[in-house]
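Undergrad: What follows is a structure written as structure tokens; I'll ask about it next.
The values are calculated or read from the model by the stated rules, or taken from the named source; none is laboratory data. Everything numeric here is computed off the predicted structure, so don't read it as measured data. Methodologically, a virtual Cβ is constructed for each residue, glycine included, from the backbone with ideal geometry; neighbour enumeration extends over all protein chains shown.
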């Protein structure tokens, strides 16, 4: 008499084959990766060709945009913290 656990189960296919089917083909990943690298190289070379004052002003502009975005998205948290501090001072 054999138990259920000792019965032999059919061999399963490799999991790498199913993972390979579910993702993008290798050539698509290669093309997308190459396009991203080419875009970064183009942006760096383009940025290096700019005048110094344009570089500085564009960096300052990006920093100001990020700071404004951060303050805008956190305005409720900042307001709640200010209200909490005002209530604690009373």
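Undergrad: Run residue 31 past the list (1) assigned to a helix (DSSP H, G or I); (2) at pLDDT below 90; (3) surrounded by 10 or more Cβ atoms within 10 Å (Cβ to Cβ) and report the number of the one that doesn't hold.
TA: Result: residue 31 passes all but (2).
Undergrad: Specify which of the listed residues (36, 64, 45, 71) is modelled with pLDDT of 90 or more and in contact with a helix residue (DSSP H, G or I) (Cβ under 8 Å, 6 or more places away or on another chain). Let's see the steps before the verdict.
TA: Numbers: 36 fails: in contact with a helix residue (DSSP H, G or I) (Cβ under 8 Å, 6 or more places away or on another chain); 64 fails: in contact with a helix residue (DSSP H, G or I) (Cβ under 8 Å, 6 or more places away or on another chain); 45 fails: in contact with a helix residue (DSSP H, G or I) (Cβ under 8 Å, 6 or more places away or on another chain).
Exactly one residue qualifies, and that residue is 71.
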